[in-house]
Structure formats: structure tokens, C-alpha cells
């Protein structure tokens, strides 16, 4: 954030007492916007993964691509601040999806075409 | 803090654990941290899959690609799960005004990538020397 200008050293302020020149203090919506952008990047990551899987397993790849659209939409739902349980379920969806995709990737890496079978 | 974007919904704040709703900016920051780790785990899975599928096999070591790719995919899986657990722990600490728990993910990631890198180097050397 802004460099310390006064007598208070940086990082010594108690939480929630930012200086008034902190732009976050004037506009907390910036945090929400950054978070939306982070959701977008995550959705792009899922889309890239979907495209990679699509080449060998079209159905699974399409599923991941659809999920990337879902992830993008999730980051834009209203009421992201506050609703703890809703947020919990959204983030859990990402973890569960990543684990599921990892399993698919493991299967693909052993069964996919062009692989020399293990002997 | 009284100015919270999005406001509070009393019906949904007291669901999974007690404590008070923290400043929305901290909640957002915690969520962004989780999302960043999620992207890291996705990249690990994509990288592992690409190594297993696209890398030409090591001469003389046909299983070599799997030795590198499979741990990467498993690491991505683990990072995803651990980041969710740490997000939950951080959110709980925020709700109770306690200091945030220290993240173990950087250490895990650094050690795992070092090990996988050493394995990759060993495989590259072995295939160059020629396995008997």
C-alpha cells in the first residue's frame, strides 16, 4: 500500500485502522473487483485444463470447459461478502473439481493414446 | 468497520461457525489467496498431464514420463485440498479476531518441486548415459 509518511511505522497499525489516504478505505469495492478478477483467472485456468483434456477425452474436456464457465459465473454472484456457507460451498466446488480432474488426468496419463504401456 | 460492500445477511452468517463477520476486505483477500493456490494446483495438474502425454519418451526409459508427471498431478491434488483447509482455518481465525495460522503450503510446494526436479534431472542423465 502507500508508504509510511507519518510517525507510525508500516505494518504497526492495528487491523482495520488503515490511514485515511488508503484507497481501499475510500473504496472497499476494489477488493471485490480484485476478487472477481481472481475468479476470472481461475476460470481461465480451468478452461486451459479443459482444452488439454478435450484432445484425448472430448466428453470430460467439455465437462471441464462447462465448469470453467460455472466458476467464472460464481465469482460474479451478488452477495459474495458475508454469506459464509455459500462461499464455503463455492470454494469447495473448486477443490472437488480439481481433485476430480486430477483423477481424470492420472487415468489419462496412463491410458491416453500415444503412451508406451507399462511393462 | 461499518462500510461493508455487499452488506451482511444475518440469516447466513451464523451457519458453520460462530464469531463475528470480519471486514469484507479480509474475507475477499482470504478468498483470493485460495483462488491463487487453486490456479497453482491447476497448473501442476496441467503440467503433469502434458509431461505424461506430450513429452517424447526418454530413450531407454519408457516409464520415465510417468515418474515425473504422476507426482505433479498428485501434488496439484494435494495443494488444492490443503489450500481449501487453510482457507477455512484462516476464515475461522478472522471471525474470532485471532492471528492467522501460518501457511504450510509454500514449504510443501518448494520441497515437492525440488524432489520432482531432482528426479527429472536423474532421468535426463540416465537416459543420456544409457540404461543397461
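Only the coordinates and a few stated rules stand behind these numbers; no lab work does. Keep in mind that what you see is a predicted model, and the values were worked out from it rather than measured. Methodologically, a virtual Cβ is constructed for each residue, glycine included, from the backbone with ideal geometry; neighbour enumeration extends over all protein chains shown.
Miscellaneous remarks
- Sorted by Cβ density within 10 Å, fewest first, the residues B:86, B:31, A:36: A:36, B:86, B:31
- A full extension of the chain between residue B:61 and residue B:107 corresponds to an added length of 13.5 nm, given 0.36 nm per residue minus the alpha carbon distance.
- Over all distinct Cα-Cα pairs of the range B:10-105, the Kirkwood formula returns a hydrodynamic radius of 15.5 Å.
- The ranking of A:56, B:84 by Cβ neighbour count inside 10 Å, starting from the fewest, reads A:56, B:84.
- For the range B:59-132, convex hull volume per residue from C-alpha positions, Å³: 58
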